């Protein structure tokens, strides 16, 4: 399984969004990572359906949508129609997680589950074989540019063990505080998708930064 880079559009320049989307298209990045926040589940509001529609119009790579919202079930069909390839919901936001995951797959998307920093890997034991992706939050969700939480390495290794034990084909995604300083260690711990936001879009040369990150993880 190859290691993937997913630039987080939350950190892009929204006054030049098409430019930044085309930069990702032309870079060595693999996916677009799209954070949808509602100001309820997390203390921030990002962007909604019209912006995702605009991104999907120009994006030529997979669209990885991360829902940080309450009651994600009511929007599953909408996100499928807007072009999401992967839809990730938070464990903490889903009362009936198995039903939500099945609805995502029925809508034609890959299903992911995100875990907040305080949520243990063990909660996924009964559903890991139904998942295509688990997103481990390596910062508290809601804002970009936060410091990386060191316990993430341990959680990643625990998740890798669970995946191997259950023979799941689930991918491990790390979201928050990813840079060239921790990318290798995350891959060694078992991750295979790295989300990078401010590290990419805050760089002097984002295309070069993506290439360096991609090359560093093999």
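A short reminder: the numbers here are calculations on the coordinates, not readings from a lab. Bear in mind that the values here come from a model prediction, so they are computed numbers and not experimental data. Cβ atoms come from the backbone with ideal geometry, glycine included; neighbour counts cover every protein chain shown.
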Tell me, what is the percent relative contact order of the chain, built from C-alpha pairs under 8 Å that lie six or more residues apart?
22
Order of 41, 148 under a 10 Å beta carbon neighbour criterion, fewest first
148, 41
Can you give the Rg to Rh ratio for the chain, taking only C-alpha atoms and Rh from Kirkwood?
0.93
Note: residue 140 to residue 44 extended length (0.36 nm per residue) minus current alpha-carbon separation gives 33.4 nm
Give the separation of the Cα centroids, region 153-169 to region 60-82, in Å.
25
quick note, the chain, DSSP beta bridge pairs, % antiparallel (nearest 5) is 5
For region 93-218, take the alpha-carbon Rg, divide it by the Kirkwood Rh, and send me Rg/Rh.
0.98
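Suppose the chain between residue 107 and residue 17 were pulled fully straight at 0.36 nm per residue; how much longer would it get relative to their current alpha carbon spacing?
Residue separation times 0.36 nm, minus the Cα-Cα distance, leaves 29.6 nm.
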Tail weight of P(r) past 13 Å, computed on alpha-carbon pairs of region 162-218, percent:
61
Inter-probe distance in nm under a simple model that places probes 7 Å from Cα toward Cβ, at residue 188 and residue 98:
3.9
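Once fully extended, how much extra length lies between residue 71 and residue 53, figured as 0.36 nm per residue of separation less the alpha-carbon to alpha-carbon distance?
Computed gain between residue 71 and residue 53 is 4.4 nm.
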Label point at residue 151 placed 7 Å out along Cα→Cβ; residues across region 108-127 whose backbone nitrogen lies under 19 Å:
114-125
Could you run the Debye sum over the Cα atoms of region 1-98, one equal point scatterer each and no solvent, and tell me log10 of I(q)/I(0) at q = 0.11 Å⁻¹, two decimals?
-0.32
